[in-house]
């Protein structure tokens, strides 16, 4: 019972407060208001029977013209939620035909400062809002200037959140085109006619740059959709915002490790497969690739349908590092084989090494015009008997397994180098 009484008193107090706020001017005695300032008398005259839910037009067939201008102050882009947050001022100007007065009757008072919640205001809504909070609907409470002609000027501070279709293929050098759709849910184009003050040109005085995102461009246009079934039009105000990520910091943390891994992989292939340094370096190279791809994986946004090219690059480079480690172990075994090689392998290796291209691959400085027979002490020695007309393999000094391994190592170096050149030109962000 006590709770019901307390609840009843609360409801009664709220009702009295609302009634007082609605009738605060109509309940004032006329003689009491006359003894006050012209401003108070004017407010009594204007708002005694004013209804801020009624569209401010004396003729309901006439559309209320609303002029607006968006003044961006700051932007935020959440690449994990794919949302753009636009902080801006919104200048709104319209004429309220119910709130005009004769300045000669009110001490030449030409303007009056009023609160926006006392006026009819054009409620603009974000159609593609990324945050269904109440702040996304209408305009927040602000001070407006009311002129004697009924012209109202309000400049509220707004915070609009919009969903964006992001593309991270060129991450971390990505740019995104986000669109804000503003309009009214309750008024048609025949009731409210929206127009831009500067014909869609966005003014940005005192714009504060974002340390992570650069505002490339912002444009505005008006689109009108007609519904033939109802013979109504619904105008939309479209704001296109293009932002680009500041990538200077990313060049150090993302691209520099990728270049170092390329150099490390090529260095492994250049070393002699028989040395223990190459095996150790190949294993460390694979570990560095794993750590790098894990680090990039933590930084890349996990959304969108496109896989970032830098992640594909690290994935392919990891595969190459694994192949290089396996190739190093294979070449060490091939060079240690003492049994005779198959005839086909010997023939293929001999055919390649008798050609200038094969000699160049092995970095041999052989001149066929010199009639010399080379010894058998290293990779390039004892392979060729040169004459003035041809070059022939010396079968007695020819170790097919050893030279096949050397040839395979050189060809792998060239193949990996060409692969990295293609990957850099295609996958690394520009």
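The values are calculated or read from the model by the stated rules, or taken from the named source; none is laboratory data. The structure presented is a predicted model; accordingly, all values stated were derived computationally and were not measured. A quick note on method: Cβ atoms are made from the backbone with ideal geometry, for glycine too, and the neighbour counts reach across all protein chains shown.
Does residue 246 satisfy being under 30 Å from residue 69 (Cβ atoms), touching a residue at least 12 places away in the same chain (Cβ under 8 Å) and surrounded by 13 or more Cβ atoms within 10 Å (Cβ to Cβ)? Walk me through it before giving the result.
Values: under 30 Å from residue 69 (Cβ atoms): yes; touching a residue at least 12 places away in the same chain (Cβ under 8 Å): yes; surrounded by 13 or more Cβ atoms within 10 Å (Cβ to Cβ): yes.
Answer is yes for this residue.
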Check segment 105-124 and report whether any residue there is surrounded by fewer than 17 Cβ atoms within 10 Å (Cβ to Cβ), within 41 Å of the chain's Cα centre (by Cα), at pLDDT below 85 and not in a strand (DSSP E or B). yes
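So which residues in segment 173-196 are assigned to a loop (DSSP other than H, G, I, E, B) and either more than 19 Å from residue 241 (Cα to Cα) or free of Cβ contacts under 8 Å to residues at least 24 places away in the same chain (or both), if there are any at all? Before you say what the answer is, go through the steps one by one.
Kept after step one, since they are assigned to a loop (DSSP other than H, G, I, E, B), are these residues of segment 173-196: 173-174, 184-191.
Matches in segment 173-196: 184, 185, 186, 187, 188, 189, 190, 191.
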Among the residues of segment 147-162 satisfying the criterion of being assigned to a loop (DSSP other than H, G, I, E, B) and within 16 Å of residue 52 (Cβ to Cβ), which is farthest from the chain's Cα centre (by Cα)? 150
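Listed residues 325, 334; which is surrounded by 12 or more Cβ atoms within 10 Å (Cβ to Cβ) and under 19 Å from residue 418 (Cα atoms)?
Details: 334 fails: under 19 Å from residue 418 (Cα atoms).
Step by step, each of 325, 334 is checked, and only 325 is surrounded by 12 or more Cβ atoms within 10 Å (Cβ to Cβ) and under 19 Å from residue 418 (Cα atoms).
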Does residue 91 satisfy the criteria of being under 21 Å from residue 140 (Cβ atoms), assigned by TED's automatic domain parsing to the domain that holds residue 234 and at pLDDT 85 or above? yes
Six or more apart or on different chains, Cβ atoms under 6 Å: show the pairs whose first residue is in segment 45-58 and at positive phi and not assigned by TED's automatic domain parsing to the domain that holds residue 148 and whose second is part of a helix (DSSP H, G or I) and at pLDDT 85 or above. none
Sort out which residues of segment 250-296 are without any contact (Cβ under 8 Å) to a residue 24 or more places away in the chain and part of a loop (DSSP other than H, G, I, E, B), and write them in order of number. 271, 272, 275
Is there a residue in segment 205-213 that is within 30 Å of residue 427 (Cα to Cα) and either more than 19 Å from the chain's Cα centre (by Cα) or buried (at least 16 other Cβ atoms within 10 Å of the Cβ) (or both)? yes
Residue count, segment 143-154 (criterion: surrounded by fewer than 17 Cβ atoms within 10 Å (Cβ to Cβ) and over 10 Å from residue 94 (Cβ atoms)): 3
